[in-house]
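Enquirer: Pasting a structure below so you can have a look.
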Amino acid sequence: MREITIAKECEWRFEVDEPEIEIKLLSGTAECFGTELAVGPPYKFRYQKAAIFTWHGCVLQLDGEPLVEYIAEETPMLTYLNLHFALNGLRKQAEFSSATPDSEASLGPRVCIVGPKDAGKTSLLKTLEAYALKQFYHPICVNLSPTQSMLALPGSFSAFHLATMLDIQDADGFGSSMATGPTQIQAKSPLVYSYGLDEALDNPKLYKNCVSRLAITVASRMSQNDDARRSGLLIDTPGMVDSEKGYNILHSILTDFRVNVCLVLGSERLYSAIKRKYNDAHWLKVLKIPKSGGCVDRSSEWIQHWQAACVKQYFYGDYRMPLSPLSIVLDAQEVVVYRVLEASAHLMRSSVLPLGMGGDGEEDGTSAAAVENGDSGDGLGGHFMQDNHLERIHTDSMTILQNSILAVSSVSADEDEHLILDSCILGYVFVSDVDDTKNRLTVLSPVQHRFPNNALLMGTLKWQDS
Ligand SMILES: Nc1ncnc2c1ncn2[C@@H]1O[C@H](COP(=O)(O)OP(=O)(O)OP(=O)(O)O)[C@@H](O)[C@H]1O
């Protein structure tokens, strides 16, 4: 056990896998991505790369050995704080505006954070959300990055509103959703949709459909709730690829969520490309934001370990709230599972459909309004089903489910595919065993009720319960 003294406006950066480390704030003030630490109680960190920053100086007590640790004197925190004050100014303007609730002037800032992989987008979102919460605004947080989930498992998109504070000890750094036991920090109620794949470009059309669906729900929350309306939005995006497909996806996000502030982190080239593209767009401000020197490039192996830690926490909780999932044996006939297809597989399926019934490639610019009207953007006035993004798994080929995480949709198993894709996610189950000979599945479920008769969605996420 040792003490670490951090001078004002400096941060202690650390990386830890296993075993965990324990930190206590002994004196002064300190924060982790904007969320303040209390003096006294221990904070445990596992599978994290993070920083403890102090505005006025502090002393920490450290128990355990991080893999990497150092004190950094140069941080972009002052810029982030100024950015927060600017956004709060816009929130205040919206709050005291006498305009009608559906007009632009009564809406708080809709901020989208863009940048290459590992540029610090999620960390900036956490910081801006934490600062806004301290000033009694509750921006809706939206995560559109399938690899780095927020209050959900990888492969999902989510949004939440009305948090008290973020939980820095949680695997994803946001907190936990409702569970049966008491939580130290108030649980959040996210709205989750399943995308199922790892990258936006694995199936851009499905990705845009999912974005549009979430955007509609978020817009309806903003139109019905004064707090959401004036607090605005903070949107986290996946690592941006500097390509036509990447810009196409970005454009869908910006238009669907009616974004009016686009923050570009960590890439001068991306910033100038986006700035040029939206030069004449009076509705959008594109701002360049410095990347923190603490941002760490994470290997795919590390991300897999981190995702496994998130899944484990989902089923078994953590030291503050241990959970007991239930293992259930099911007859393969009892479950209806759909596999989410990548773009290449979806086009193969489309090619064997009658003319005019298939997907039409990915760059169709499907918008939220089109989705609302049930128009998949292919000019047929139909729903997403025509694009065949799902494939039903037959009972005799259930071995493919071994070690899969299945998202439980909120619609019954006999609904149409398009309704299943449109539905939000209630939770997840894990397939721990598939018995081919007896045609049975063993699944781990977080709830102890009867297994629901809802459609299940299988993405690419696998896990080993060890
Ligand atoms: N100031 C900092 N000190 C130490 N680590 C940091 C700091 N800022 C960010 N990190 C870490 O760097 C990694 C990348 O940051 P972050 O997740 O915010 O990037 P991202 O752009 O959202 O990544 P992705 O493109 O994968 O979504 C994370 O593990 C994060 O915790």
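The values are calculated or read from the model by the stated rules, or taken from the named source; none is laboratory data. If you're wondering where the values come from, they're calculated on a predicted model, not measured in any experiment. With ideal geometry, Cβ positions are generated from the backbone for all residues, glycine too; neighbour counts draw on all protein chains shown. Note: accessible area is taken over every heavy atom of the protein model, side chains too, but ligands, DNA and RNA are not part of it. Shrake-Rupley method; radii C 1.70, N 1.55, O 1.52, S 1.80 Å.
Enquirer: What number of residues within the stretch 452-466 are of a type in the set (Gly, Ala, Ser) and either in contact (Cβ under 8 Å) with a residue 40 or more places away in the chain or closer than 21 Å to THR147 by Cβ (or both)?
Expert: The initial filter retains those residues of the stretch 452-466 that are of a type in the set (Gly, Ala, Ser), namely 455, 459, 466.
Checking which are either in contact (Cβ under 8 Å) with a residue 40 or more places away in the chain or closer than 21 Å to THR147 by Cβ (or both) leaves us with 455, 459.
Result for the stretch 452-466: 2.
Enquirer: Within the stretch 237-251, work out how many residues are surrounded by fewer than 16 Cβ atoms within 10 Å (Cβ to Cβ) and in a loop (DSSP other than H, G, I, E, B).
Expert: Residues flagged as surrounded by fewer than 16 Cβ atoms within 10 Å (Cβ to Cβ) and in a loop (DSSP other than H, G, I, E, B) within the stretch 237-251 amount to 2.
Enquirer: Which of the numbered conditions does VAL259 fail, given that it passes all the others? Conditions: (1) in a loop (DSSP other than H, G, I, E, B); (2) open to solvent by 60 Å² or more (accessible area, probe 1.4 Å); (3) of a type outside the set (Phe, Trp, Tyr).
Expert: Among (1) in a loop (DSSP other than H, G, I, E, B); (2) open to solvent by 60 Å² or more (accessible area, probe 1.4 Å); (3) of a type outside the set (Phe, Trp, Tyr), VAL259 violates only (2).
Enquirer: Mind checking whether some residue in the stretch 337-351 is modelled with pLDDT under 95, within 16 Å of the ligand (Cβ to nearest atom), under 30 Å from ARG440 (Cα atoms) and open to solvent by 70 Å² or more (accessible area, probe 1.4 Å)?
Expert: no
Enquirer: On the given criteria, is GLY115 outside the structural domain of VAL261 (by TED's automatic domain parsing) and within 30 Å of THR255 (Cβ to Cβ)? Walk me through how you get there before you give the answer.
Expert: Numbers: outside the structural domain of VAL261 (by TED's automatic domain parsing): no; within 30 Å of THR255 (Cβ to Cβ): yes.
No: the conditions fail for GLY115.
Enquirer: While we're looking at this one, here's another question. Residues being farther than 23 Å from MET77 by Cα and surrounded by 14 or more Cβ atoms within 10 Å (Cβ to Cβ): count how many of those fall in the stretch 31-48.
Expert: Step one: of the stretch 31-48, the residues farther than 23 Å from MET77 by Cα are 40-42, 44, 46-47.
Restricting the remaining residues to those that are surrounded by 14 or more Cβ atoms within 10 Å (Cβ to Cβ) gives 44, 46-47.
So the count comes out to 3.
Enquirer: Return the residues of the stretch 41-71 that are in a strand (DSSP E or B), within 15 Å of the ligand (Cβ to nearest atom) and within 28 Å of the chain's Cα centre (by Cα); say none if nothing qualifies. Spell out how you get there, then give the answer.
Expert: Applying the first criterion (in a strand (DSSP E or B)) to the stretch 41-71 yields 42-45, 48-54, 58-63, 68-71.
If we keep only those that are within 15 Å of the ligand (Cβ to nearest atom) too, we end up with 43, 45, 48-54, 60, 68-71.
Across the stretch 41-71, the qualifying residues are TYR43, PHE45, GLN48, LYS49, ALA50, ALA51, ILE52, PHE53, THR54, VAL68, GLU69.
Enquirer: Kindly indicate whether any position in the stretch 221-234 is buried (at least 18 other Cβ atoms within 10 Å of the Cβ) and more than 22 Å from HIS138 (Cβ to Cβ).
Expert: No.
Enquirer: Still on this structure, please answer the following. Which residues, taken from the stretch 10-30, are within 16 Å of the ligand (Cβ to nearest atom) and either open to solvent by 10 Å² or more (accessible area, probe 1.4 Å) or part of a loop (DSSP other than H, G, I, E, B) (or both)?
Expert: Step one: list which residues in the stretch 10-30 are within 16 Å of the ligand (Cβ to nearest atom), which gives 10-18, 20-21, 23, 30.
Those that are within 16 Å of the ligand (Cβ to nearest atom) and either open to solvent by 10 Å² or more (accessible area, probe 1.4 Å) or part of a loop (DSSP other than H, G, I, E, B) (or both): CYS10, GLU11, ARG13, GLU15, ASP17, GLU18, GLU20, ALA30.
Enquirer: If you take the residues in the stretch 296-309 that are open to solvent by 40 Å² or more (accessible area, probe 1.4 Å) and either touching a helix residue (DSSP H, G or I) at 6+ places or on another chain (Cβ under 8 Å) or not β-branched (Val, Ile, Thr) (or both), which one is nearest to the ligand (Cβ to nearest atom)? Show your work before the answer.
Expert: Kept after step one, since they are open to solvent by 40 Å² or more (accessible area, probe 1.4 Å), are these residues of the stretch 296-309: 296-301, 304-305.
Imposing the further condition that a residue be either touching a helix residue (DSSP H, G or I) at 6+ places or on another chain (Cβ under 8 Å) or not β-branched (Val, Ile, Thr) (or both) reduces the set to 297-301, 304-305.
Values: ASP297: 8, ARG298: 6, SER299: 11, SER300: 11, GLU301: 14, GLN304: 13, HIS305: 12 Å.
Restricting to residues being open to solvent by 40 Å² or more (accessible area, probe 1.4 Å) and either touching a helix residue (DSSP H, G or I) at 6+ places or on another chain (Cβ under 8 Å) or not β-branched (Val, Ile, Thr) (or both), the top hit is ARG298.
Enquirer: Just to be sure, is ALA332 modelled with pLDDT of 85 or more and assigned by TED's automatic domain parsing to the domain that holds PRO452? Spell out the reasoning first.
Expert: On the way: modelled with pLDDT of 85 or more: yes; assigned by TED's automatic domain parsing to the domain that holds PRO452: yes.
It is true that ALA332 is modelled with pLDDT of 85 or more and assigned by TED's automatic domain parsing to the domain that holds PRO452.
Enquirer: State whether one or more residues within the stretch 312-331 are within 16 Å of the ligand (Cβ to nearest atom) and either open to solvent by less than 40 Å² (accessible area, probe 1.4 Å) or in a helix (DSSP H, G or I) (or both).
Expert: Within the stretch 312-331, the subset within 16 Å of the ligand (Cβ to nearest atom) is none.
For the stretch 312-331, residues within 16 Å of the ligand (Cβ to nearest atom) and either open to solvent by less than 40 Å² (accessible area, probe 1.4 Å) or in a helix (DSSP H, G or I) (or both): absent.
Enquirer: Quick one: count up the residues across the stretch 77-119 that are within 12 Å of the ligand (Cβ to nearest atom) and open to solvent by 10 Å² or more (accessible area, probe 1.4 Å).
Expert: We begin by selecting, within the stretch 77-119, every residue within 12 Å of the ligand (Cβ to nearest atom); these are 77, 80, 113-119.
Going one step further and asking which of them are open to solvent by 10 Å² or more (accessible area, probe 1.4 Å), we end up with 77, 80, 116-118.
Counting residues in the stretch 77-119 that are within 12 Å of the ligand (Cβ to nearest atom) and open to solvent by 10 Å² or more (accessible area, probe 1.4 Å) gives 5.
Enquirer: Filter the stretch 409-451 for residues that are closer than 21 Å to LEU151 by Cβ and assigned to a helix (DSSP H, G or I); which is least open to solvent (accessible area, probe 1.4 Å)?
Expert: The extreme case among them is LEU421.
The rows are residues; the columns are (1) more than 19 Å from GLU104 (Cβ to Cβ); (2) modelled with pLDDT of 95 or more; (3) in a loop (DSSP other than H, G, I, E, B).
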residue: VAL192; (1), (2), (3): yes, no, no
residue: LYS205; (1), (2), (3): yes, no, no
residue: ARG221; (1), (2), (3): no, no, no
residue: ILE253; (1), (2), (3): no, yes, no
residue: VAL264; (1), (2), (3): yes, yes, no
residue: TRP283; (1), (2), (3): no, no, yes
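Enquirer: May I pose another question? Given ARG440, ARG392, which one is more than 25 Å from the chain's Cα centre (by Cα), closer than 20 Å to GLY155 by Cβ and either in the same structural domain as GLY196 (by TED's automatic domain parsing) or charged (D, E, K, R) (or both)?
Expert: Exactly one of ARG440, ARG392 is more than 25 Å from the chain's Cα centre (by Cα), closer than 20 Å to GLY155 by Cβ and either in the same structural domain as GLY196 (by TED's automatic domain parsing) or charged (D, E, K, R) (or both), namely ARG392.
Enquirer: State all residues of the stretch 120-149 that are more than 14 Å from the ligand (Cβ to nearest atom) and either over 25 Å from SER194 (Cβ atoms) or surrounded by fewer than 23 Cβ atoms within 10 Å (Cβ to Cβ) (or both); if no residue qualifies, say none.
Expert: Selection gives TYR131, ALA132, LEU133, LYS134, GLN135, PHE136, TYR137, HIS138.
Enquirer: Now a separate question. Looking only at residues that are in contact with a Gly (Cβ under 7 Å, 6 or more places away or on another chain) and within 14 Å of the ligand (Cβ to nearest atom) in the stretch 229-269, which one is farthest from HIS84 (Cα to Cα)?
Expert: MET240
Enquirer: Still on this model: Could you please find all residues in the stretch 174-190 being modelled with pLDDT of 80 or more and within 16 Å of the ligand (Cβ to nearest atom)?
Expert: In the first step, residues of the stretch 174-190 are kept if they are modelled with pLDDT of 80 or more; the result is 174, 190.
If the condition is that a residue be modelled with pLDDT of 80 or more and within 16 Å of the ligand (Cβ to nearest atom), then PHE174 is the only one that fits.
Listed here are the residues, each with its yes/no results for (1) under 17 Å from the mean Cα position of the chain (by Cα); (2) among the hydroxyl-bearing types (Ser, Thr, Tyr).
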site	(1), (2)
ARG213	yes, no
ARG221	no, no
SER231	no, yes
ASP236	yes, no
GLU244	no, no
TYR247	no, yes
VAL261	no, no
TYR271	no, yes
